[in-house]
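The values are calculated or read from the model by the stated rules, or taken from the named source; none is laboratory data. This structure is a prediction, so every number in the text was calculated from the model and none was measured. Note that we place each Cβ from the backbone using ideal geometry, even for glycine, and neighbour counts take in every protein chain shown. When the accessible area is computed, the model is the full protein with side chains, heavy atoms only, and any ligands, DNA or RNA have been set aside. Shrake-Rupley method; radii C 1.70, N 1.55, O 1.52, S 1.80 Å.
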Amino acid sequence: MENNMNMLDLTFYGDDFTGSTDVMEALALAHVPVALFTEPPTKAQIHDFQFKNTFFSMQKLRAVGVAGISRSLNREQMQATLPAIFEKLAALNAKFFHYKVCSTFDSSPGIGSIGQAIDIASEYFESELIPLLVGMPKLNRFVVFGNLFARVQETTYRLDRHPTMSKHPITPMDESDILLHLSKQTKKEGFLIDVLQLEDRQKNLTQLLDKAKSAGKKIVLFDTLSPTHLNLIGKGLNAYFPTSNQLIVGSSAVATALFPEKENEAQRAKTAIGKAKKMIAMSGSCSPVAAEQILYAQQIGFKTIAIDTVRLLNEQESASEQERLMRLASESKNDYLPIIFYSALGPNDPSLPLVKQIPHGQERLPILLGKLLKDLVLRYKPDRVISAGGDTSGKITRLLEIDALEFLAELTAGSPFCLTHAQRKEFDNLQIALKGGQNGKKSFYQEAYEGVKY
């Protein structure tokens with residue numbers, strides 16, 4: 001075993017790209033030198049990695065992530081994909097391995113099964129107990145008495161009543177009880193440490209974890225209602241699991257708990273970046289938040305272009321639809337205003353049921369959007385690129401031939417600006433933000449274009 005000085009603090013695999021950059025942001029703001037790769041890196045790649053951003057310059061990586069797409073994979077695809085990735089990450093021998101899931105826990109037994117991922121990961125990261133942290137207060141996600149809640153503006157919804165997640169086109173969440181939802185995906189039994197136990201001064205985390213172990217439970221879910229809970233859990237987990245390759249599952253709450261943000265270090269990581277010279281955005285999200293953001297951008301003068309997804313998916317009409325979209329982009333009256341392409345305008349967009357009727361339409365669409373964005377980047381050479389939609393962003397980033405990402409600056413919670421590392425110069429040193437469909441205020445695109453000032 002390598003000595004502790006050479007051991008990485010954390011390796012992680014994100015089940016989608018937007019969630020992976022969320023973890024990277026949490027680590028960077030805690031001043032943990034981190035990079036996100038599109039394929040598992042070798043030890044040589046980790047050793048030779050050089051940061052472009054100043055606040056990590058000359059530092060060695062302490063955390064390494066791989067951005068994946070398992071949230072959109074079926075059981076056979078997960079079994080074919082994950083073992084090789086987990087084997088390579090286990091060989092890096094970090095203290096913790098984090099399987100990162102979305103803070104809305106969207107999954108099902110057939111698609112993006114978190115339970116199946118846990119079962120596969122357990123073969124490479126042997127762990128007596130598997131902590132599970134889902135609620136992330138910073139992102140308005142809370143777990144209370146084992147149930148997941150998400151806040152939209154001024155209203156907090158139980159997840160099975162959430163206006164978007166309960167109607168998700170691929171993995172609708174019809175159950176808010178996380179352990180009950182997970183029990184349909186794995187035979188490993190769960191144990192809940194609830195908010196009352198966390199706040200009971202007569203009990204400590206070691207006692208509670210020992211209780212789970214003696215009861216023969218495997219997965220330990222923690223209530224997470226406030227940042228104080230995350231700090232308490234993080235201290236307890238760091239003390240309880242001293243060995244390497246400890247498996248831990250959850251949202252970016254995991255990184256926030258294990259590596260709490262320190263104000264002076266977070267300030268050092270806050271980089272100011274100016275207005276984009278040329279920005280292109282691709283939205284593959286059908287959430288109402290994404291729709292509101294597109295409409296607001298339209299109102300303030302940004303060019304927004306609706307994609308005819310049915311034509312794009314039709315083999316006879318796809319080429320002409322792509323030509324139409326490229327032509328519309330070139331007809332912009334102001335070459336310096338951002339251009340936003342979108343495949344849907346909210347959950348009631350009339351194209352959604354039509355795409356569902358097309359064989360493999362939902363799987364093929366993100367790939368076509370990615371190819372379109374790749375052509376746009378090559379033709380128009382933007383310095384800033386935005387991708388909205390978790391499933392879309394994974395396909396897009398791979399098609400842009402990106403090898404790795406590093407944190408550049410905050411944008412909106414969970415969706416930072418990143419800098420690209422790529423062999424091909426057209427895709428290297430791009431400023432890119434990968435945004436979940438529900439993330440951000442209505443002025444998101446304006447903020448993305450204007451940049452960040454402190």
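Per-structure values
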item	result
Accessible surface of segment 1-108, 1.4 Å probe, proportion on carbon and sulfur as whole %	52 percent
Total charge dipole magnitude, the chain, about the Cα centre, Cβ charges on Lys, Arg, Asp, Glu only, Debye to nearest 20	640 debye
Note, ³J(HN,Hα) from phi for segment 160-166, Karplus 6.51, -1.76, 1.60, rounded to Hz, x at Gly and Pro	6, 10, 5, x, 9, 5, 5
Residue 220 long-range amide H proximity, modeled H, under 5 Å	130, 132, 191
Accessible carbon and sulfur surface of segment 382-454 relative to its total accessible area, %, 1.4 Å	44 percent
Spin-label model distance (nm) - residue 238 vs residue 383, 7 Å beyond Cα toward Cβ	3.8 nm
Under the Karplus curve 6.51 cos²θ - 1.76 cosθ + 1.60, θ = phi - 60°, whole-Hz ³J(HN,Hα) for segment 47-58, x wherever Gly or Pro sits	5, 8, 4, 10, 6, 8, 7, 6, 6, 10, 4, 6
Gain on full stretching of the segment that runs from residue 275 to residue 161 - 0.36 nm per residue minus C-alpha separation	37.2 nm
Difference of contour (0.36 nm per residue) and Cα-Cα distance, residue 446 to residue 336	38.3 nm
Within the accessible area of segment 206-247 (1.4 Å probe), percent carbon and sulfur	57 percent
Å³ per residue enclosed by the Cα convex hull of the chain	139 Å³
Stokes-Einstein D for segment 276-401, Kirkwood Rh over Cα pairs, 10 °C, 1.306 mPa s (µm²/s)	109 µm²/s
Beta bridge orientation in the chain: antiparallel %, DSSP, nearest 5	35 percent
For segment 346-454, with +1 on Lys and Arg beta carbons and -1 on Asp and Glu, the positive-most of 390, 352, 377 along the dipole	352
For residue 12, distant residues with modelled amide H under 5 Å away	64, 65, 66, 98
Highest to lowest packing among 417-425, 94-102, scored as the average C-beta count within 10 Å	94-102, 417-425
For segment 151-192, alpha-carbon Rg over 2.2 N^0.38 Å	1.33
Three-way shape call for segment 81-137 based on the alpha-carbon gyration tensor, with the a/c threshold at 1.5	oblate
Amide H partners (placed H, <5 Å) of residue 304, local residues excluded	340
Count, lysine Cα pairs under 28 Å in segment 224-330, 8 or more residues apart or across chains	7
Backbone N under 13 Å from the residue 170 label point (7 Å along Cα→Cβ), restricted to segment 46-82	68-75, 77-78
Alpha carbon convex hull of segment 343-454, volume per residue in cubic angstrom	112 Å³
Within segment 113-127, backbone nitrogen closer than 19 Å to the virtual label 7 Å beyond the Cα of residue 91 toward Cβ	121-126
Estimated distance in nm for a label pair at residue 43 and residue 128, the labels positioned 7 Å out from Cα along Cα-to-Cβ	2.8 nm
Cα-based Lys proximity count in segment 133-228, under 20 Å, for pairs eight or more positions apart or on separate chains	14
Cβ crowding within 10 Å averaged over residues, with 212-219, 426-433, 143-150, 52-59 ranked highest first	143-150, 426-433, 212-219, 52-59
Integer Hz, Karplus 6.51/-1.76/1.60 couplings in order for segment 121-137, x for Gly and Pro	4, 4, 6, 10, 10, 5, 9, 4, 10, 10, x, 10, 10, 10, x, 9, x
C-alpha long axis of helix 288-299 to longest principal axis of the chain, angle in °	40 degrees
CD proxy at 222 nm, helix term only [per DSSP H run n ≥ 4: -39500 (n - 2.57); per residue of the chain; nearest 500]	-10500 deg cm²/dmol
Between helix 318-330 and the chain: long-axis angle, C-alpha atoms, 0 to 90°, nearest 10	80 degrees
Options 120, 7, 56, ranked by Cα towards positive dipole end of the chain, top entry (Cβ charges)	56
Amide N of segment 48-91 lying under 17 Å from the label point, which is placed 7 angstrom from the Cα of residue 362 along Cα→Cβ	69-78
For segment 104-258: rounded, prolate or oblate by the Cα gyration tensor [a/c cutoff 1.5]	oblate
Label-point separation in nm, residue 305 to residue 401, each point 7 Å along Cα→Cβ	2.1 nm
Heavy-atom accessible area per residue - the chain, 1.4 Å, Å²	42 Å²
Of the GluC sites (Glu not before Pro) in segment 1-109, those whose Cβ has at most 13 other Cβ within 10 Å and which sit in DSSP loop	2
Packing-based order for 315-324, 302-311, using average beta carbon neighbours within 10 Å, highest first	302-311, 315-324
